[in-house]
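Below is a structure I'd like to ask you about.
The values are calculated or read from the model by the stated rules, or taken from the named source; none is laboratory data. Note that the structure is a prediction, hence the values are computed from the model and not measured. Note that each Cβ is placed from the backbone with ideal geometry, even for glycine, and that neighbours are counted across all protein chains shown.
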Amino acid sequence: MIICIGNAMVDSLQFVDDEVIESLQLNKARMTLIDKERSNFLQANMKTPTLEAGGSAANTAYWVAQLGGEAGFIGKISNDELGIQFKKSLAESGLVDLTVFEDGSKQTGLCAIFVTPDGERTMNTYLGAGELLSKEDISEEVIKKSNLLYMEGYLWDKPSSKEAFLYASKINTKSGGKNAITLSDVFCVEAHRESFIKLIKNNINYVFTNEEELISLTQKDNIENAITFFVDNFSNVDQLICTLGPKGAVVVELGEKYYFPAMETNVIDKTGAGDFFAAGYLYGLQSGLSMEDSVHIANKSAAHVISELGVRPSKEFN
């Protein structure tokens, strides 16, 4: 089973013009952590939001399950309306629900996502109960059932959730499993570069990233130099899987680079593109598929989710 650990979130999505991004002083095409007051303010500025279960690792687990793979999700929610909606969504998706409830009064995490005409998503995240995920929420027996543990870089923003993943990853390694991480966002890389590097060197087998994040991690001036640096400094990593936007993706294995073209699609909303790409690739790994076939499913999955609003596509996936 692929177990994904991340922030349990409900996404609130709204189409807007670029003028709204400017007027609300949002950091376009980036993820910004916000407090509850700011979250409430942004919600009040959404005229007709679409609400659905989200969160990076949860999106990945969801899509692995839709592809026919076996996946579970660990995250923390509150026993409130948003939390109930989140659990309902997991139940309907066919994945293994491993979420835990927070004992206090914190609201379930909520991400206000503003989508502009170019398809870019600007995310404003109130972590809520999700930031309280801790080592005590990790079941050793559950982790031992995993052959691949996948974590979102967003978890690194809070010490307790960071400790939770380190704990889970060590259990997974001891039981013969592999560990994977997505760097999530340039914001995360810039905030946690040194600890990310230490983590990757010590106990990560698969690194999922995009071009910008890898350049930021390695502090190089272009993607080729960034890949070279990665190969020279992270020999323990089985594979580096890096998306390159419209240029496709590159997978680096044993120092060799393998490039794959992107799949054309009509871009409506880029929310979840990286999450679904990772899901497609992880599904390929779980199914014993070749690198080429895994990337094909990953590219097709990313193209599928960005062709409509949100991260729970209604169109049929062929």
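Looking at the structure I just gave you, is THR243 among the hydroxyl-bearing types (Ser, Thr, Tyr) and closer than 24 Å to PRO313 by Cβ?
Answer is yes for this residue.
Output yes when any residue across the range 192-206 is of a type in the set (A, V, I, L, M, F, W, C), in contact with a helix residue (DSSP H, G or I) (Cβ under 6 Å, 6 or more places away or on another chain) and outside any loop (DSSP other than H, G, I, E, B), and no when none is.
The answer is no, given that none of the residues of the range 192-206 is of a type in the set (A, V, I, L, M, F, W, C), in contact with a helix residue (DSSP H, G or I) (Cβ under 6 Å, 6 or more places away or on another chain) and outside any loop (DSSP other than H, G, I, E, B).
Hey, could you check the range 142-165 for residues that are polar (S, T, N, Q) and part of a loop (DSSP other than H, G, I, E, B) and say which is surrounded by the most Cβ atoms within 10 Å (Cβ to Cβ)?
Ranking the qualifying residues of the range 142-165, first place goes to SER146.
Is it true that ALA44 is over 15 Å from ARG121 (Cα atoms), buried (at least 18 other Cβ atoms within 10 Å of the Cβ) and among the hydrophobic types (A, V, I, L, M, F, W, C)?
In short, no.
Kindly indicate whether ASN79 is free of Cβ contacts under 8 Å to residues at least 60 places away in the same chain and assigned to a loop (DSSP other than H, G, I, E, B).
Criteria met by ASN79.
Let me ask another. How do the strands (runs of 3 or more DSSP E) wholly within the range 239-295 filter down when requiring 1 or more residues that are closer than 20 Å to GLU212 by Cα, without any contact (Cβ under 8 Å) to a residue 60 or more places away in the chain and β-branched (Val, Ile, Thr): which remain?
Once the strands (runs of 3 or more DSSP E) in the range 239-295 are filtered for at least 1 residues that are closer than 20 Å to GLU212 by Cα, without any contact (Cβ under 8 Å) to a residue 60 or more places away in the chain and β-branched (Val, Ile, Thr), what remains is 239-243, 249-253.
Return yes or no: is GLY68 assigned to a strand (DSSP E or B) and in contact (Cβ under 8 Å) with a residue 60 or more places away in the chain?
No; evaluated as a whole, the condition is false for this residue.
Looking for whichever is of a type in the set (D, E, K, R) and crowded, with 18+ Cβ neighbours inside 10 Å here; the options are LYS201, LYS178. Which one fits?
Exactly one residue qualifies, and that residue is LYS178.
Filter the range 275-318 down to the residues that are among the acidic types (Asp, Glu) and touching a strand residue (DSSP E or B) at 6+ places or on another chain (Cβ under 6 Å) and list them by number.
Listed by number, the list is empty, since nothing qualifies.
A further question follows. Have a look at VAL20, VAL10 and point out the one that is closer than 25 Å to LYS270 by Cβ, in a helix (DSSP H, G or I) and in contact (Cβ under 8 Å) with a residue 24 or more places away in the chain.
VAL20
Going by the structure shown, is LEU82 within 21 Å of the chain's Cα centre (by Cα) and farther than 20 Å from THR182 by Cα?
For LEU82, the condition - within 21 Å of the chain's Cα centre (by Cα) and farther than 20 Å from THR182 by Cα - is met.
Okay, moving on. Mind telling me which of the residues VAL186, VAL252 ends up being modelled with pLDDT of 95 or more and among the hydrophobic types (A, V, I, L, M, F, W, C)?
Among VAL186, VAL252, only VAL252 is modelled with pLDDT of 95 or more and among the hydrophobic types (A, V, I, L, M, F, W, C).
State the number of residues belonging to the range 47-60 that are assigned to a loop (DSSP other than H, G, I, E, B), free of Cβ contacts under 8 Å to residues at least 60 places away in the same chain and crowded, with 21+ Cβ neighbours inside 10 Å.
Of the residues in the range 47-60, 0 are assigned to a loop (DSSP other than H, G, I, E, B), free of Cβ contacts under 8 Å to residues at least 60 places away in the same chain and crowded, with 21+ Cβ neighbours inside 10 Å.
Return the only residue of GLU140, GLU120 being out of contact with any Ser or Thr (no Cβ under 8 Å at 6 or more places or on another chain), within 15 Å of THR32 (Cα to Cα), acidic (Asp, Glu) and modelled with pLDDT of 90 or more.
GLU120
Where residues in the range 87-141 are of a type in the set (A, V, I, L, M, F, W, C) and in a helix (DSSP H, G or I), which of them is surrounded by the fewest Cβ atoms within 10 Å (Cβ to Cβ)?
By that ranking, first place goes to ALA91.
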